[in-house]
1. Could you give me the ³J(HN,Hα) list for region 206-218, computed from phi with Karplus coefficients 6.51, -1.76, 1.60 and θ = phi - 60°, whole Hz, x at Gly and Pro?
2. Between rounded, prolate and oblate, where does the chain land on the alpha carbon gyration tensor, with a ≥ b ≥ c its root eigenvalues, rounded for a/c under 1.5, else prolate if a/b exceeds b/c?
3. Charges at C-beta only: +1 for Lys and Arg, -1 for Asp and Glu. How large is the resulting dipole of region 190-298 about its Cα centre, in Debye rounded to 20?
4. Tell me which residues come under 5 Å, amide H to amide H, from Ile131 once H is placed; ignore anything under 5 positions away on its chain.
5. Among Ile106, Ile222, Ile42, which one shows the highest mean-square fluctuation when the chain is modelled as a Gaussian network with alpha-carbon springs under 10 Å?
6. How far apart, in nanometres, would the label points at Gln218 and Arg94 be if each is projected 7 angstrom from Cα along the Cα-to-Cβ direction?
7. Once amide H atoms are built 1.01 Å from N in the peptide plane, which residues 5 or more positions from Glu59, or in another chain, come under 5 Å H to H?
8. Order of Ser84, Ser276 from fewest to most other C-beta atoms within 10 Å?
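What follows is calculated from the coordinates using simple rules that are stated; it is not laboratory data. Everything numeric in this text was worked out from a predicted model, so none of it was measured. A quick note on method: Cβ atoms are made from the backbone with ideal geometry, for glycine too, and the neighbour counts reach across all protein chains shown.
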Amino acid sequence: MSAATALAASLADGVVPQAVEDPEAVPFRGRTAIRLVPDLGIASVFGPSQRWCDEGPGERLLLVRPAVGRLQVTLGGQSLACCSRDALLVPASRGAVFEAMGVDRIDLLAIERERLAGPLAALEPGSLRRIDRDHPGLQTLTVYAASLLRGLIPVACAELAELVRGHLAELLTFIVLEPGRQAEMRAPSRRDQRIQALKIEVEQRIGQPDLSLEAVAQAQRISSRQVQAMFQAEGETFSGFVLGRRLDRAMQRLTDPADTRPVGAIAFDVGFGDLSYFNRTFRKRFGLTPSQVRRIHSVPA
């Protein structure tokens with residue numbers, strides 16, 4: 001994304017979305033960032049560097065979330081990683097080393113330590129946490145921040161800006177106090193149940209190279225056309241979903257210190273029958289080859 005495609009400032013004397021392209025001013029030394037001016041602590045960073053250390057003048061709490069790929073943070077001898085749409089909570093960011101693999105965008109919330117209160121202020125500086133993508137608090141915080149960054153929620157004065165900062169901190173406090181909270185969902189519709197059953201069927205067969213649309217349809221006692229239609233209603237294709245899940249599993253295993261098998265063995269284990277196709281699609285999705293991911297992960301931080 002460039003400044004030409006970013007949302008332009010439109011609210012006089014208010015908090016507005018703005019594109020930043022100065023590498024020195026963009027967190028993670030990204031290519032571009034969308035943030036609010038005056039700064040409310042939220043931003044989306046595009047094209048982050050593979051390795052970045054927070055050496056800013058002040059101490060901050062950071063919540064970071066990769067849109068796609070794997071993000072690892074190392075601080076004080078502790079390392080923690082997350083994959084696509086999960087988040088990492090770093091209570092004190094100075095000196096923290098972030099390593100991104102196949103990450104095209106990082107969404108973040110930053111709060112200065114001196115502004116923290118209550119449970120957030122009580123967090124130990126070195127206590128890294130992973131937040132699951134399905135946590136209802138993270139989902140609400142993500143949508144709220146995205147709406148602010150897109151200019152969908154106007155913040156036209158300093159008093160409103162201070163209220164928004166409070167809302168962001170309160171949402172993060174809820175996440176910290178309720179780490180295992182599950183979403184309280186409405187009863188799923190028949191269509192929701194069907195698509196969930198299809199995805200479970202795919203997960204169970206993902207390691208089979210001959211996994212096919214027809215086999216899944218037959219197992220679920222519906223037509224191939226119905227299967228394709230349900231995935232299209234989700235905004236994707238059956239083949240695209242299968243490929244994405246295989247690549248995500250491969251990324252998880254390539255970055256697992258306990259899994260020392262060759263790249264080819266991992267590729268075949270997650271269902272790829274053609275190693276060159278695996279290498280090509282992996283690089284397209286994550287921006288690195290499987291061998292590069294394995295090599296980067298094996299180098300001590």
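1. Computed from phi, the couplings for region 206-218 are 4, x, 8, x, 8, 4, 9, 4, 5, 5, 5, 4, 5 Hz.
2. Numbers: a/c = 1.87, a/b = 1.46, b/c = 1.28.
Verdict is prolate for the chain.
3. 200
4. Distant-sequence amide H within range of Ile131: Ala87, Leu88, Leu89.
5. In this elastic network of the chain, the residue with the biggest mean-square fluctuation among Ile106, Ile222, Ile42 is Ile222.
6. Calculated label separation equals 6.4 nm.
7. For Glu59, whose amide H was placed from the backbone, the distant partners under 5 Å are Arg113.
8. Going from sparsest to densest Cβ surroundings: Ser276, Ser84.
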